[in-house]
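Peer 1: Here's a structure for you.
The values are calculated or read from the model by the stated rules, or taken from the named source; none is laboratory data. Since this is a predicted model, take the numbers as computed values, not measurements. Cβ placement follows ideal geometry from the backbone for every residue including glycine, while neighbour counts extend to all protein chains displayed.
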Amino acid sequence: MSYSIKVRLTNNRCWLCGYRKIVKSEIMLLPYICHWCSGEKVIGLINDIVIDAKEYLNQGKLSNCEDIDVLSFVADIGELGARHPYLKQFSKMMSIIAVQVALEHKYTPDRLVKVANGENLSEKWARVRECIDFLIDVGLLEVGEGRYIYERYRPSHLLLSLTASVEVVDVEKELPPRIAACIAGYAWLHGISTTINWLKEGAQGEVKGIAKLYAKGRDGKLSIPKSFTAPIMYLLGHLASGHDEFSEIELRTWLSSREILGKDADLIINLLARVIPSSHRLVNLVYDGHIYHFKFNPLYVRMRERYRERRREREV
Amino acid sequence: MAKSNRCIICGEQIGEVGQLCAWCQDPRVEEVLRGLINDIDSQLQQTTRIDIKMNPTFSLVADLGILGIRHPLLASFSKIIARLIVEGGKGIRRFKVSDLRYGQKDVKPFIVMLHDFGLVIYDEVNSEVVIPDNSLLLKIKYELEVEPRRNPAAAFALGYVTLKAILKTLEITKQRSVEYGEGVTCLYSMTKNRDGSVKIIMPKSFMATLSFVLGCWAKGITEFSELDIHKFMVSRGVTGKEFNEVLATLSCAFATAHGLYERASTEHLGRIVIYRFKLAGEYVRLYERIRMRQRTL
């Protein structure tokens, strides 16, 4: 994009989950990202999910996202993103782009401005540009030529093929929520994967991936949407480590070192426990009389095992 | 029994309402425990061997028994069981109760418990213990002769009587309050203070651990972390060194190795490192089998 983003990143923080490092050696060893988010297992799992989901989306199986475990997982991630007060505007934008591309094979940024947050039009435009830039990063838009924005940043082959499958669904103005969540979820995961690689390489140059969507202060300081990225990274990290269950206390302890406490932590736990109405199936709940225990959806545990098996075979 | 403000199974402070805490009172615990005991009893009748290594039901009971072997009070009871097994194997079937004290002032409640569960016959008049021909202890002895190498069959006896005692306690509490010498209280020691008041001491670090492990298993929780067990133990007064010992026992750091968990790994949760335990797959399957059987009944 023509505009440049001048941001300031401090190296004592993980710019994905928000973990603040105290020990100097920890900062020197791995600046900008924490051990949890930069682990080989979690990166491998995210990449596997993104590759697998992309393959299904290319095959036009978006309308069956409920029946395919990886697409269902991606949709669950997207649903959590749609709950975040800041990120939900981008979820809406993605949904609008998908609907318009499905119906007209192009998109008009005017419609995106209507759902963007901002005090004035220029701020709203900045959000739309961030979203378009992010979608280029995750491969849903690509750079082209022409007079109009939708020509310069035209829908990619992936977006066209996934919207082709959307056409079969009765779409008028809005996508069915699960399908919209699936598209957004794919973008979030791809964005997270891109950001991890960028942070691991030393956060050089322009911001990449999901970090492009972080709210920016006037001094260029980024605000991490922790209440979305932190639980997502916890779930992905925990699943990638081979665990099938976790408890409320563990999650709270993990979140507390990311400075997510009190009501914010309650909100995340209630969302995972579906106390706040939600249709995600990431985890099932067991109440032991004292605390909640969360069990990963067996479908997703099998999905993880499939990827692990595939990786083992590849290594052999 | 003297009024207590603690759960008589795990030791949680509950005030003076009832004798059991919410964790132990959970109907799932009783249901699954009854299923397990019925399974053990029917298998003991059908088979001549107590094959701990191959049979997951026996293995689970032995593993639960192992958790208590290091406890100072229960170590005495383990010694009693060990003596009965060894001497019984030699053909000696009659013992004086005074010879079975092993440092304890009063082992009568424990002997009575063994009598109730059919492991021995207690002759109160002569203060003697007799091992009957069909005793479980003799079966354990034969099993040790067949498979002497790394066989935790002796722990099976302690686990078996403890689980039966817990089940009995749960049954009694439904009808009335439990008195000292009934159910699981047979494993507790009673002392008299100078002022004449009675004090009952429970082996909390064993009973609370057992209650946690059993409760998690009965509630279908197959993974837990140090934080979960810490929260559970703190409310039962097991902290500091005592808690570290519990953690060491669960992670097989002591010489007494059990097979409850197939994975005891460490995990970095930001600034702290915790232990995570994952229940052995065979016990998860055993739980499912018992639940299935309970549902079909």
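Peer 1: Only residues that are aliphatic (A, V, I, L, M) and either touching a Gly at 6+ places or on another chain (Cβ under 8 Å) or loosely packed, with under 13 Cβ neighbours inside 10 Å (or both): list them for the stretch A:195-210, please.
Peer 2: If the condition is that a residue be aliphatic (A, V, I, L, M) and either touching a Gly at 6+ places or on another chain (Cβ under 8 Å) or loosely packed, with under 13 Cβ neighbours inside 10 Å (or both), then A:ILE196, A:ILE210 are the ones that fit.
Each row is one residue, and each column tells you yes or no for (1) charged (D, E, K, R); (2) over 20 Å from the mean Cα position of the chain (by Cα).
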{"residue": "A:PRO225", "(1), (2)": "no, no"}
{"residue": "A:ILE232", "(1), (2)": "no, no"}
{"residue": "A:SER247", "(1), (2)": "no, yes"}
{"residue": "A:GLU250", "(1), (2)": "yes, yes"}
{"residue": "A:GLY262", "(1), (2)": "no, yes"}
{"residue": "A:ASP266", "(1), (2)": "yes, yes"}
{"residue": "A:SER278", "(1), (2)": "no, no"}
{"residue": "A:HIS293", "(1), (2)": "no, yes"}
{"residue": "A:PRO298", "(1), (2)": "no, yes"}
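Peer 1: Go through B:THR256, B:THR239 for me and flag whichever is polar (S, T, N, Q), within 22 Å of B:LYS164 (Cβ to Cβ) and not assigned by TED's automatic domain parsing to the domain that holds B:PRO56.
Peer 2: On inspection, the qualifying residue turns out to be B:THR256.
Peer 1: Are there any pairs with C-beta distances below 9 angstrom linking a residue in the stretch B:272-297 that is touching a residue at least 60 places away in the same chain (Cβ under 8 Å) and over 16 Å from A:PHE246 (Cβ atoms) to a residue that is of a type in the set (Val, Ile, Thr) and not in a helix (DSSP H, G or I), with the two at least 6 apart or on different chains, and if so which?
Peer 2: Close Cβ pairs satisfying both conditions: B:TYR283/B:THR222; B:VAL284/B:THR222; B:TYR287/B:THR222.
Peer 1: Among the residues of the stretch B:32-55, count how many are within 17 Å of the chain's Cα centre (by Cα) and either assigned to a helix (DSSP H, G or I) or without any contact (Cβ under 8 Å) to a residue 12 or more places away in the chain (or both).
Peer 2: Counting residues in the stretch B:32-55 that are within 17 Å of the chain's Cα centre (by Cα) and either assigned to a helix (DSSP H, G or I) or without any contact (Cβ under 8 Å) to a residue 12 or more places away in the chain (or both) gives 10.
Peer 1: Follow-up question, since we're still on this one. Go through the residues of the stretch A:20-28 one by one and say whether even a single one is assigned to a loop (DSSP other than H, G, I, E, B), without any contact (Cβ under 8 Å) to a residue 60 or more places away in the chain and under 29 Å from A:SER156 (Cβ atoms).
Peer 2: no
Peer 1: Which ones in the stretch A:120-149 are in contact with a strand residue (DSSP E or B) (Cβ under 8 Å, 6 or more places away or on another chain), part of a loop (DSSP other than H, G, I, E, B) and either buried (at least 23 other Cβ atoms within 10 Å of the Cβ) or at negative phi (or both)?
Peer 2: A:LEU140, A:GLY144 - these are the residues of the stretch A:120-149 that are in contact with a strand residue (DSSP E or B) (Cβ under 8 Å, 6 or more places away or on another chain), part of a loop (DSSP other than H, G, I, E, B) and either buried (at least 23 other Cβ atoms within 10 Å of the Cβ) or at negative phi (or both).
Peer 1: Take the residues of the stretch B:98-133 that are more than 18 Å from B:THR162 (Cβ to Cβ) and touching a Gly at 6+ places or on another chain (Cβ under 8 Å): which is surrounded by the most Cβ atoms within 10 Å (Cβ to Cβ)?
Peer 2: B:ILE131
Peer 1: In the stretch A:194-228, what residues are touching a residue at least 60 places away in the same chain (Cβ under 8 Å) and of a type in the set (Lys, Arg)?
Peer 2: A:LYS200, A:LYS208, A:LYS212, A:LYS216, A:LYS221, A:LYS226
Peer 1: Further, regarding this structure: Can you find a residue in the stretch A:42-64 that is of a type outside the set (D, E, K, R), touching an Asp or Glu at 6+ places or on another chain (Cβ under 9 Å) and within 14 Å of another protein chain (Cβ to nearest Cβ)?
Peer 2: Among the residues of the stretch A:42-64, not one is of a type outside the set (D, E, K, R), touching an Asp or Glu at 6+ places or on another chain (Cβ under 9 Å) and within 14 Å of another protein chain (Cβ to nearest Cβ), which makes the answer no.
Peer 1: Right, something else. Just to confirm my filter: which helices (runs of 4 or more DSSP H) fall fully inside the stretch A:245-316 and include at least 1 residues that are at the interface with another protein chain (Cβ under 10 Å from one of its Cβ atoms) and buried (at least 17 other Cβ atoms within 10 Å of the Cβ)?
Peer 2: Hits in the stretch A:245-316: A:248-256.
Peer 1: Within the stretch A:8-25, can you find the residues that are touching a helix residue (DSSP H, G or I) at 6+ places or on another chain (Cβ under 8 Å) and surrounded by fewer than 17 Cβ atoms within 10 Å (Cβ to Cβ)?
Peer 2: A:ASN11, A:ASN12
Each row is one residue, and each column tells you yes or no for (1) at pLDDT below 90; (2) over 14 Å from the mean Cα position of the chain (by Cα); (3) in a helix (DSSP H, G or I).
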position	(1), (2), (3)
A:VAL50	no, no, yes
A:LEU57	no, yes, yes
A:MET94	no, no, yes
A:VAL99	yes, yes, yes
A:ARG111	yes, yes, yes
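Residues checked against (1) in contact (Cβ under 8 Å) with a residue 60 or more places away in the chain; (2) away from every other protein chain (no Cβ under 14 Å); (3) outside any loop (DSSP other than H, G, I, E, B); (4) over 30 Å from B:SER135 (Cβ atoms):
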{"residue": "B:LEU167", "(1), (2), (3), (4)": "yes, yes, yes, no"}
{"residue": "B:PHE212", "(1), (2), (3), (4)": "yes, no, yes, yes"}
{"residue": "B:PHE224", "(1), (2), (3), (4)": "no, no, yes, yes"}
{"residue": "B:LYS231", "(1), (2), (3), (4)": "no, no, yes, yes"}
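Peer 1: Continuing with the same structure: Cβ-Cβ distance below 7 Å, separation of 6 or more or different chains: which pairs start in the stretch A:94-106 with a residue that is without any contact (Cβ under 8 Å) to a residue 24 or more places away in the chain and of a type in the set (A, V, I, L, M) and end on one that is surrounded by fewer than 20 Cβ atoms within 10 Å (Cβ to Cβ) and part of a helix (DSSP H, G or I)?
Peer 2: From the stretch A:94-106, the pairs are A:ILE96/A:ARG111; A:ILE96/A:VAL115.
Peer 1: If you don't mind, there's one more thing I want to ask. With B:LEU250, B:LEU210, B:LEU286 as the choices, which residue is surrounded by 19 or more Cβ atoms within 10 Å (Cβ to Cβ) and either touching a Pro at 6+ places or on another chain (Cβ under 7 Å) or assigned by TED's automatic domain parsing to the domain that holds B:ASN151 (or both)?
Peer 2: Exactly one of B:LEU250, B:LEU210, B:LEU286 is surrounded by 19 or more Cβ atoms within 10 Å (Cβ to Cβ) and either touching a Pro at 6+ places or on another chain (Cβ under 7 Å) or assigned by TED's automatic domain parsing to the domain that holds B:ASN151 (or both), namely B:LEU286.
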